[in-house]
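Undergrad: Got a structure for you, questions after.
The values are calculated or read from the model by the stated rules, or taken from the named source; none is laboratory data. A quick note: this is a predicted structure, and the numbers were derived from the prediction, not measured. Positions of Cβ are backbone-derived with ideal geometry, glycine not excepted, and every protein chain shown enters the neighbour counts. Quick note on the areas: whole protein, heavy atoms, side chains included, nothing else; ligands and nucleic acids left out. Shrake-Rupley method; radii C 1.70, N 1.55, O 1.52, S 1.80 Å.
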Amino acid sequence: MARPQELEGDHEFVGSKGVVRKNEFVRAIADALYSLGYSETGKQLEDESGISLYSSEARLFKQQILDGQWDESVATLRQFGLMDIKLASAIILQRKFFELLAGEKFMDALHTLRYGILPLGVHDVAVRKLSSFLVSSSRIPLDGTFGEALWLFSRKEFLEEFKTLLPPSVLFPENRLVHLVEQGIDFQNERCWLHNLPIGKMSLLTHQDCKMDQIPHRTVQVLQEHKGEVWFLKFSHNGKYLASSCSDCLVIIWEVEVDGQVSLKHRLSGHEKPVSYISWSRDDNQLLTCGEEETVRRWDVASGECQHTYRVTDTEPDLRLVSCEWAPDGKSIYSGVDDKRIIMWDPEGKEVEFLPGHRTMRISDLCVTSNGKELITVCDQSRILLFELMSKSARYIIEDQPVVSCTLSQDNKSLLVSLLDERLQLWNIACPMATIRFLNDFRGHKRSRFVVRSCFGGVKERFIASGSEDSQVYIWHKMRSTPISKLAGHTGVVNCVSWNPADPQMLASGSDDRTIRIWGVTPKRMEKRANRFLPKATTSGT
């Protein structure tokens, strides 16, 4: 039998630094074994070490909760020496109250409220609400809006939530060892500024000491279907598709195969002018394309068919569209108009509204945050507008140079701005109190005449890539102002780059040389190393 909890050697330590308590470490291993389904092994560890995962009181409390013995569990709870025993007791009795209501035992529920919860003297507002449920059981908050709504959970889920009120020494935190290992991996990765391994490829057996070979650095494929300069390209949110456009008015949807090869899926024709802007719907089933000062078209990705063409109303026939972006819910489409307005449509082409009082540049990138709350665009040569769609309030980023393009990070926290003087600037737009904070600027790429676009990419979007007029692709780490890599291969201006959000080691670039290059990493070096130990072939006759 395991020894009592108080004799488990709380002051013994393991490890070279003397900071890991043996008691807690053994309990963490036992918990991990039980969670993995190795119950017999977990029990054997408890018996052999003499260290119990739970005290007898904690085991009793758990079982009482799972069995619905609410009054008994409150009595056991008092043995744990909690600071706020009344609050914890009230939460358990509230669970009992709702289960009684659900079973239509209204008198028992009233008794619990009057003689159990009310004497505890906590949450007067909550008590009044509980009373209202007695009057009309139909008012029980089935949508989970009442308090923490713990009664909606199963008893097991309720217990897991309730654990947060108890000291970890009483009810050991579930999966604690796994969480510690994850934290250790995250810590190593954050310290390693070159870390760019996809999730699932990291090993617990080696220390993270990443090299440049994790960053896309070699051409793995050249796509040559376009007959004109490639102006824009963008991966879908799920990374399965790549859309590209060029000066020949053609849009191509490419498909990323399981093996990483990129193949042609659809040619989309219909625009009468070069296509300068592309936007994917959030579910990646539809695509918006915008001809340069022309129309916006909505395409079905599965069939490649045009579903709708968006134009400004017939009363203003000379106006043209210059950019496009989906609202996250797919129910609205935004577009910049060449008279410097922003227009919002429904998917079927009905003009919902013009955003009043704010203007866009003639050539303007357009971003909408993934929560649908904020629209971001360039509102004059050197100002970027961050427009709160619900409140109609505005924030601004004021640059000291004309803005060429901008792009938003997936987490909505960062905005990357390309300036006329060949700088890229990174801004934190998610600061509290609506404050916008400058983070870093990046130098090295070349831009003097053309619109050259940049992007975030890699694991946790810790890298930045940009096209350049010197035919190279430039890559920076977000914390470093100088490039960590330059990718050579194109023979013309690199107009746009896009990093695959599902594969941190895949990058695409489009160029005036009419090609798209897919950049990747070198195959595992282990295979090359293994070859050194294989017998070398000999030439016959020697």
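Undergrad: Using only DSSP helix segments of four residues or longer, with each worth -39500 (n - 2.57), what per-residue ellipticity at 222 nm results for the chain after dividing by its residue count and rounding to 500?
TA: Calculated mean residue ellipticity at 222 nm is -6500 deg cm²/dmol.
Undergrad: Can I ask one more? Just to be sure I understand the model, the point goes 7 Å from the Cα along the line to the Cβ. What's the resulting Glu272 to Gln307 distance in nm?
TA: 2.5 nm
Undergrad: Suppose R0 equals 22 Å. What FRET efficiency, 1/(1 + (r/R0)^6) with r the Cβ-Cβ distance, do Gln381 and Phe354 give to the nearest 0.05?
TA: It comes to 0.55.
Undergrad: Per 5 Å bin, what percent of the C-alpha pairs of the range 175-333 does each bin hold, from zero upward?
TA: Pair shares across the bins are 1, 8, 14, 16, 13, 11, 10, 9, 7, 5, 3, 1, 1, 0.
Undergrad: Can you tell me the FRET efficiency between Glu293 and Ala102 if r is taken as the Cβ-Cβ distance and R0 is 45 Å, rounded to the nearest 0.05?
TA: 0.10
Undergrad: Hey, another quick one. Along Cα→Cβ, 7 Å out, is where each label goes; now give me the distance between the ones at Lys227 and Ile185 in nm to one decimal.
TA: Output for this residue pair reads 4.9 nm.
Undergrad: Another question about this same structure. Report the extension gain between Lys156 and Tyr396 in nm, rounded to one decimal, defined as 0.36 nm multiplied by the number of residues separating them, less their alpha carbon distance.
TA: Net length gain for the segment: 81.5 nm.
Undergrad: Where the centre of each part is set by its Cα atoms, how far does the range 394-464 sit from the range 77-100, in angstrom?
TA: Here the two parts' Cα centres lie 51 Å apart.
Undergrad: On the protein heavy atoms, probe 1.4 angstrom, tell me the percent of accessible surface of the chain carried by carbon and sulfur. Present the calculation step by step, with values, prior to reporting the outcome.
TA: On the way: 14420 of 27960 Å².
Heavy-atom surface of the chain belonging to carbon and sulfur, 1.4 Å probe: 52 percent.
Undergrad: At a Cα cut-off below 24 Å, give the lysines reachable from Lys265, other chains included and same-chain residues fewer than 8 away excluded.
TA: Hits, sequence-local ones excluded: Lys227, Lys234, Lys240, Lys273.
Undergrad: When the expected Rg is taken as 2.2 N^0.38 Å, what fraction or multiple of it is the alpha-carbon Rg of the range 81-127?
TA: Computed over Cα atoms of the range 81-127, the ratio equals 1.14.
Undergrad: Give me the orientation-averaged projected area of the Cα convex hull of the range 165-237, in nm², one decimal.
TA: 9.3 nm²
Undergrad: May I pose another question? Which distance in nm do the two modelled labels at Ala488 and Arg443 give, with both placed 7 Å along the Cα-to-Cβ direction?
TA: Those two pseudo-labels are separated by 2.3 nm.
Undergrad: What is the ratio of the Cα radius of gyration of the chain to 2.2 N^0.38 Å, where N is its residue count, to two decimals? Can you show the working numbers first?
TA: Working: Rg = 30.4 Å, N = 542, 2.2 N^0.38 = 24.1 Å.
So the chain has a normalised radius of gyration of 1.26.
Undergrad: Using per-residue counts of other Cβ atoms within 10 Å, averaged over each peptide, order 368-377, 384-393 from highest down.
TA: Result, highest mean Cβ count within 10 Å first: 368-377, 384-393.
Undergrad: What does the convex hull of the alpha-carbon atoms of the range 9-139 project to on average, in nm²?
TA: 11.1 nm²
Undergrad: Moving to a separate point now. Give the relative contact order (percent, whole number) for the chain; include only Cα pairs under 8 Å separated by 6+ residues. List each step's numbers first, then the result.
TA: Details: 1075 pairs, mean separation 51.4, N = 542.
Reported relative contact order: 9 percent.
Undergrad: Can you tell me the Rg and Dmax of the range 366-456, counting just the alpha carbons, in angstroms?
TA: Rg, Dmax (Cα atoms, Å): 12.7, 39.
Undergrad: Using a probe radius of 1.4 Å on heavy atoms only, what accessible surface per residue do you get for the chain? Whole Å² is fine. Spell out each step's value before the answer.
TA: Details: 27960 Å² over 542 residues.
With the other protein chains kept in place, the chain gives 52 Å² per residue.
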